[in-house]
Every structure is written in structure tokens, then in C-alpha cells.
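One structure is given here, and the rest of the page talks about it.
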Amino acid sequence: MKRFYKEVIVAEKNGSYTVNLDGKMIKTPEKSICLMPTKEMAKAVAKEWDNQEKEIDPHSMPITKLTNTAIDRVGKRREALIDELIGFAGNDQLCYRADHPEELVKLQKMKWDPQLEKLRINHGVDLKITKGVIFVEQNSSSLLKIRSIIEKINDFRLTAFYGMVTVTGSITIGLNLFENNINVDEAWNAGHLDENFQTSQWGEDVEAAERRKNLRNELINAHYFLELCGK
């Protein structure tokens, strides 16, 4: 789609913020008005629209995409999305440990145990750990505590949290990043520990490197989006 506008400005509307293109408010793909909770988020979205040249490239607009997701998807299917996140809690990759090689076993313990310890200290959630890939059922009390945490998160912040969990494959890592107990690099390295280890042993092809680059960018954008949500 060609760029069809000249002026991009941030405007306030009923205590929220929107972006106007030549005086018209932008809308989501499902035609809802794109109202944002903070001026900082609206500025970031406005910058993405203003940076478009002759052609509009949606791939270069990650914050706009996350904003649309918060309004069109998360706000309309909260319960289903929360159920999906609880599924990650029941299958958190940090709970499934290798029994060989010894180097990987030690690496998982060193990088993953502190993540689980943060979850236990901060929220009283103690997830079970096992060796191998045989499913281990977590205590219902632990899952209920995690659900209670997630249900208190508003739609925009939940959008960021969902991205953190899905990219890292771990409710534990996602929550630790969401609560600023770890940084993006720590979250990425913990969430992709097994793959990073295999890459260090056997190398990485071009396609895998591109996929990992895109995933890391998703994590960075999710974290930035959380910052734009404000308190």
C-alpha cells in the first residue's frame, strides 16, 4: 500500500491517545479506533507511520502491530489467551532437564534454577522439575497462583507479557522479564539455552540464524512495548 498521508500527529481523546493521519484517527485492522493508554506509546506509533516512505511496510511497524493486537485480539479473547498462557505454565521448559551431556546439565542448572527461585520467592510458586520430556503435572495451587497474577494484567501489558512468554517458551522467564527481575539478554539466553548450546557445538545455518534473529527482535519489541505501557 502506498503512503497516502502527509501529516502525522499525536492527539488526546478522552484521556487516551491516538495518532492522526492528515487529521483522521488511525484504526485497527478490525476498524476499531486505535486508542492508546500513554502518550509515549502514541509517539512511538506515530514515528513508525511517519518513517514510512513511498510504500507502507507493516513489518517495519512492530509497535503499531502490538497496539492493534492489544485492541483487536487480546481485549476480545482475554480468557482464551490466559488459558493458553496457563498451558505454558503447565509445560514450562525450565522444568524439563537433560540428563546428558554433563555440560548441558550443568548449564541448565546454572541458568534455570535462579529463574525458578525468583518465581518461588516472589510469588510462592514452586514448579516441579523432572529429567527428560515425560510430562509432569504441576500442582493445581501453583497454576491457580499464576492465573491470579495474569488476570490482574491489563490488555496492553498482557500483549507484551504474551510475547515474552511465547518467545522464551517459559512462563517463569516471561514473568521475570515482565517484572524487571531480569533483562532482555538474560531472558533470551535462558529461553534459548538448549538451542544456543547446540549452535555452539554444531554451528548454525542461515535459515536458523534468520529465524532466531526475528524471535529475538520479537522479544525486544515486547519489552519495549511494556515500557511504553507505563505503570
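The values are calculated or read from the model by the stated rules, or taken from the named source; none is laboratory data. These numbers come from a predicted model, not from an experiment. Neighbour counts are summed over all protein chains in view; Cβ atoms, including those assigned to glycine, are modelled from backbone coordinates with ideal geometry. When the accessible area is computed, the model is the full protein with side chains, heavy atoms only, and any ligands, DNA or RNA have been set aside. Shrake-Rupley method; radii C 1.70, N 1.55, O 1.52, S 1.80 Å.
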Q: May I ask you to give the percent of accessible area on segment 93-213 that is carbon plus sulfur, with a probe radius of 1.4 Å?
A: 53 percent
Q | By average C-beta atoms within 10 angstrom, highest first, the peptides 159-171, 13-25, 39-51, 195-207 | A | 159-171, 39-51, 13-25, 195-207
(Q) Averaging over every viewing direction, what projected area does the convex hull of the Cα atoms of the chain cover, in nm²? (A) 14.1 nm²
**Q.** the chain: calculated mean residue ellipticity at 222 nm from DSSP helix runs of at least 4, using -39500 (n - 2.57)
**A.** -18000 deg cm²/dmol
Q.
At a threshold of 8 angstrom on Cα-Cα distance, excluding pairs fewer than six apart, so keeping six or more, what relative contact order does the chain reach in percent?
A. 19 percent
(Q) Can you tell me which of Ile182, Ile134, Ile173 moves the most in a GNM of the chain? Springs connect C-alpha atoms under 10 Å apart. (A) Ile134
Q.
Distance cut-off 21 Å, Cα to Cα: go down the list Lys128/Lys213; Lys24/Lys65; Lys6/Lys47; Lys43/Lys76; Lys152/Lys231 and report the pairs above it.
A. Lys128/Lys213; Lys43/Lys76
**Q.** Karplus-derived 3J(HN,Hα), 6.51/-1.76/1.60, for each residue of segment 57-71, Hz, glycine and proline x
**A.** 10, x, 5, 8, 10, x, 6, 4, 4, 5, 4, 4, 4, 4, 7
Q | Choice from Leu144, Leu175, Leu35 showing the highest fluctuation, given a GNM over the chain with Cα pairs closer than 10 Å | A | Leu144
Q | Solvent exposure of the chain as accessible area per residue, Å², 1.4 Å probe | A | 55 Å²
